[in-house]
Amino acid sequence: MSWFNARIAARLAAVALLGALTAGCFQPMYAERTPNGGPGLREKLQEVEFVPLNVSNGSREARIGVAIRNAMMFNAYGAATGLPPRYKLTLRLNTQRLSIIINPNTARPDVENYGIDATYELREIETNKPLVAGATTARVSYDIPGQEQRFAQQRAQRDAEDRAAKEIADNISTRLASFFFSNM
């Protein structure tokens, strides 16, 4: 029985030693300062200007664009406003609706899919040099309760648009954070 306890103790010691050796490699992503004393990720994100979408006012795309922009600004700034901008993020959207399930009796859709395809580009304002460019997508589905409940159908579509906009904003915010963190 003693050789069994010795093996367990040796394994636990090896795990503790490996844990101690790798503990210095990790640093919190949202720390106030980097290990070398430079600005932290939160400060870098506060230097991003989120340019409004260039779409016609009052359109569905304008509402979605404002929702995405507001969510990204909240992710970057929190409740405060940003610092003087050093970077500019531009965004372009393409939206689509697709009927997934059609009721065979009424020929009306029972389930629809709503999607947003977004392309974005982060540039340094001073040099206009592109830093990050990418694309992201969001697909969400929603039920249509029947032809006599038109308001419920419109509300379901709007809820799907909001969920897709939040997903797009979170995807882009995460990619920006990853870019700034890897370049600190």
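The values are calculated or read from the model by the stated rules, or taken from the named source; none is laboratory data. What you see is a predicted model; the values in this text were computed from it and never measured. Cβ coordinates were reconstructed from backbone atoms using ideal geometry, including for glycine residues, and neighbour counts include every protein chain displayed. These area figures cover heavy atoms from the full protein model, side chains too; ligands, DNA and RNA do not enter into them. Shrake-Rupley method; radii C 1.70, N 1.55, O 1.52, S 1.80 Å.
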Query raised in the report: Identify, please: which residue in region 69-79 is at pLDDT 90 or above and among the aliphatic types (A, V, I, L, M) and is, among those, surrounded by the most Cβ atoms within 10 Å (Cβ to Cβ)?
Result: 72
Report summary line: Condition set among the basic types (Lys, Arg) and touching a Gly at 6+ places or on another chain (Cβ under 9 Å), scope region 88-131, selection farthest from residue 159 (Cα to Cα): answer is 108
Query raised in the report: Which residues, taken from region 117-176, are of a type in the set (Phe, Trp, Tyr) and over 16 Å from residue 95 (Cα atoms)?
Result: 151
Query raised in the report: When both residues are 6+ apart or on different chains and their Cβ atoms are under 7 Å apart, which pairs have a first residue that lies in region 127-146 and is without any contact (Cβ under 8 Å) to a residue 24 or more places away in the chain and closer than 21 Å to residue 108 by Cα, and a second that is open to solvent by 80 Å² or more (accessible area, probe 1.4 Å) and of a type in the set (A, V, I, L, M, F, W, C)?
Result: none
